[in-house]
Structure formats: C-alpha cells, structure tokens
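The values are calculated or read from the model by the stated rules, or taken from the named source; none is laboratory data. If you're wondering where the values come from, they're calculated on a predicted model, not measured in any experiment. For neighbour counting, all protein chains shown are included, and Cβ atoms are generated from backbone atoms with ideal geometry for every residue, glycine included.
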Amino acid sequence: MPISMRKSAVVIALAALAALASEGALAATANFRLFPNKPFKACFEQAGQTARATARVTRGTLNDTLVLNLSGFKPGLDFDLFTVEKSNQLANGSPDPSFTSFGLAWYQSDVHVGADGTGSVTIRTILLDQIFGFDPLVSLPPTNTFHVGFWFNRPGDAQPCGFNGPPTPFNGEHHAGPVAFITRPDATTGLGPLCTNPTSGPPFSCNP
C-alpha cells in the first residue's frame with residue numbers, strides 16, 4: 001500500500017475511534033444509591049420490608065436524564081426531590097459532625113409512593129459534572145449541587161419519629177419535613193455522585 005494511502009487509513013481509523021469515544025461519553029451513565037436518614041426510617045419504611053432508593057443518570061447531548069426508583073415504602077407518602085450542595089452524612093454513613101446546612105438546593109420534582117410501596121420519577125436537566133447555580137446579587141459564585149436527596153412533603157408524616165422542629169423549605173410551599181434519603185460523598189474526593197469526573201487532588205473539584 002502506498003505511504004499516502006497508509007496515512008489516509010490511519011487518519012480515518014483515528015477519526016472513527018474519536019467518534020466512538022464521543023458516543024461512549026454521551027452514553028455514559030451513573031448508577032448510585034440514596035441512603036436513609038435513619039432516625040426517620042419507621043416513618044417511611046413499610047413493615048417487613050427494606051426501603052430502598054436508587055438512581056440512574058444517563059448523559060445526553062443537551063441535558064441528562066435521571067430516573068429515581070423507590071421500593072419498600074409506606075403507601076401514599078409524598079416526597080420532594082432536590083439536588084443539593086452538601087450531604088448530612090459521611091461516606092461511611094455516620095452523621096457528619098460538621099454539618100450545618102445542605103447549602104445550595106434545586107427543587108427538581110415531586111415523588112409519590114403508590115399503593116404497592118413503590119415510586120418512580122424521571123427528570124431531565126443538566127446533572128452530570130456540570131450542575132450548578134450562582135447569584136451575583138448575594139455574592140454566590142458558581143456552586144455545584146452534586147448530591148441528590150428527597151424530603152418528606154408533609155411534616156406530620158415524620159412527627160411520629162420525633163420531627164417536632166419548624167418545617168423545612170424543601171417543597172413548593174416551603175413547608176416540608178426532614179430529609180428522608182440522601183446521597184453520601186465519595187470517601188476520597190468528598191464529592192457527590194453527580195460528579196463523575198473529579199480532578200486530581202486534594203483539594204478535589206469536578207471537571208465540567
């Protein structure tokens with residue numbers, strides 16, 4: 001084969017590999033669990049079952065798709081899904097002793113548990129590696145919300161488990177209960193699971 005033809009073949013092969021890599025990136029998914037806020041398990045967990053919440057995020061060309069699935073919950077409960085800056089749990093599941101606030105929070109969806117104790121919701125927005133908000137009026141720089149959690153929509157649903165404090169702002173009426181499930185930070189980077197491409201560190205951040 002002439003040298004010029006060989007070079008052309010190499011260029012074509014490299015272009016094909018680049019295209020496949022690009023397609024792979026667009027098809028990338030993140031699968032992760034959300035974890036219970038243990039003091040409130042008795043208020044959301046169906047008797048004889050284990051409440052579980054899992055998420056699958058698929059990267060898209062213009063935005064991403066998150067599917068949240070719930071099982072083992074008490075029928076009829078309603079929750080409010082948010083992406084937040086911080087978790088109140090450590091990577092090992094223990095409460096974060098330095099936790100003071102969930103930080104920046106984005107209201108994403110309502111979640112309803114059906115008669116069979118399951119629930120599912122799908123949202124489509126910017127999620128993987130790039131989700132952020134900012135507000136120059138209050139000097140808030142671009143701030144990522146790499147954690148996912150959902151809150152009791154009705155404060156009264158959590159009262160039997162000891163929730164007697166003021167309502168939280170985590171629903172459309174700003175009159176919600178405590179967090180029921182939330183993600184945990186990665187043990188190495190400290191980042192939430194919506195960051196799939198962390199920088200080398202420390203300190204760690206996310207490559208957008």
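When residues of region 33-86 are filtered for being in a loop (DSSP other than H, G, I, E, B), aliphatic (A, V, I, L, M) and in contact with a Pro (Cβ under 9 Å, 6 or more places away or on another chain), how many remain? Please lay out each step first, then the result.
Of region 33-86, the ones in a loop (DSSP other than H, G, I, E, B) are 37, 46-51, 59-63, 72, 74-77, 85-86.
Next cut, aliphatic (A, V, I, L, M) only: 47, 51, 62, 77.
Filter again for in contact with a Pro (Cβ under 9 Å, 6 or more places away or on another chain), leaving 51.
Total satisfying the criteria: 1.
When you look at ALA91, is it in a loop (DSSP other than H, G, I, E, B), under 25 Å from GLY190 (Cα atoms) and modelled with pLDDT of 95 or more, yes or no?
On the way: in a loop (DSSP other than H, G, I, E, B): yes; under 25 Å from GLY190 (Cα atoms): yes; modelled with pLDDT of 95 or more: yes.
Judged against the criteria, ALA91 is a match.
Please determine, by comparing only the residues of region 129-187 that are over 16 Å from the mean Cα position of the chain (by Cα) and hydroxyl-bearing (Ser, Thr, Tyr), which one is nearest to ALA105 (Cα to Cα).
Applying the filter and picking the extreme gives THR168.
I want to confirm something. Restricting to region 127-181 and keeping residues that are aliphatic (A, V, I, L, M) and assigned to a helix (DSSP H, G or I), which single residue is farthest from PHE44 (Cα to Cα)? Can you show your working first?
Taking region 127-181 first, the residues aliphatic (A, V, I, L, M) are 127-128, 131, 137-138, 140, 148, 158, 176, 179-180.
If we keep only those that are assigned to a helix (DSSP H, G or I) as well, we get 137-138, 158.
On the way: LEU137: 39, VAL138: 37, ALA158: 8 Å.
Looking at the filtered set, the residue picked out is LEU137.
Is it true that ASP96 is touching a Leu at 6+ places or on another chain (Cβ under 8 Å), on the phi > 0 side of the Ramachandran plot and modelled with pLDDT of 95 or more? Break it down stepwise before answering.
Values: touching a Leu at 6+ places or on another chain (Cβ under 8 Å): yes; on the phi > 0 side of the Ramachandran plot: no; modelled with pLDDT of 95 or more: yes.
Judged against the criteria, ASP96 is not a match.
So that you can scan it fast, the table gives a plain yes or no per residue for (1) surrounded by fewer than 19 Cβ atoms within 10 Å (Cβ to Cβ); (2) in contact with a Ser or Thr (Cβ under 6 Å, 6 or more places away or on another chain):
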| residue | (1), (2) |
| --- | --- |
| VAL84 | no, yes |
| GLN89 | no, no |
| PRO97 | yes, no |
| SER109 | yes, no |
| THR118 | yes, yes |
| VAL121 | yes, yes |
| ILE126 | yes, no |
| ASP157 | no, no |
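Can you list residue pairs whose Cβ atoms sit under 9 Å apart, with the first residue in region 32-55 being more than 19 Å from ASP78 (Cβ to Cβ) and touching a residue at least 24 places away in the same chain (Cβ under 8 Å) and the second being among the polar types (S, T, N, Q) and surrounded by 16 or more Cβ atoms within 10 Å (Cβ to Cβ)? Count only pairs 6 or more apart in sequence or on different chains.
PHE32/THR183; ARG33/THR183; PHE35/SER87; PHE35/GLN89; PHE35/THR183
Suppose we filter ARG184, ARG124 for residues that are within 21 Å of ARG33 (Cα to Cα), touching a residue at least 12 places away in the same chain (Cβ under 8 Å), in a loop (DSSP other than H, G, I, E, B) and basic (Lys, Arg); which single one remains?
Numbers: ARG124 fails: in a loop (DSSP other than H, G, I, E, B).
Just one listed residue meets the conditions, ARG184.
Is it true that GLY114 is assigned to a loop (DSSP other than H, G, I, E, B), surrounded by 14 or more Cβ atoms within 10 Å (Cβ to Cβ) and not charged (D, E, K, R)?
On the way: assigned to a loop (DSSP other than H, G, I, E, B): yes; surrounded by 14 or more Cβ atoms within 10 Å (Cβ to Cβ): no; not charged (D, E, K, R): yes.
So GLY114 does not fit the description; no.
PRO202 passes all but one of (1) out of contact with any helix residue (DSSP H, G or I) (no Cβ under 9 Å at 6 or more places or on another chain); (2) touching a residue at least 60 places away in the same chain (Cβ under 8 Å); (3) not aromatic (Phe, Trp, Tyr); which number fails?
Of the numbered conditions (1) out of contact with any helix residue (DSSP H, G or I) (no Cβ under 9 Å at 6 or more places or on another chain); (2) touching a residue at least 60 places away in the same chain (Cβ under 8 Å); (3) not aromatic (Phe, Trp, Tyr), the odd one out for PRO202 is (2).
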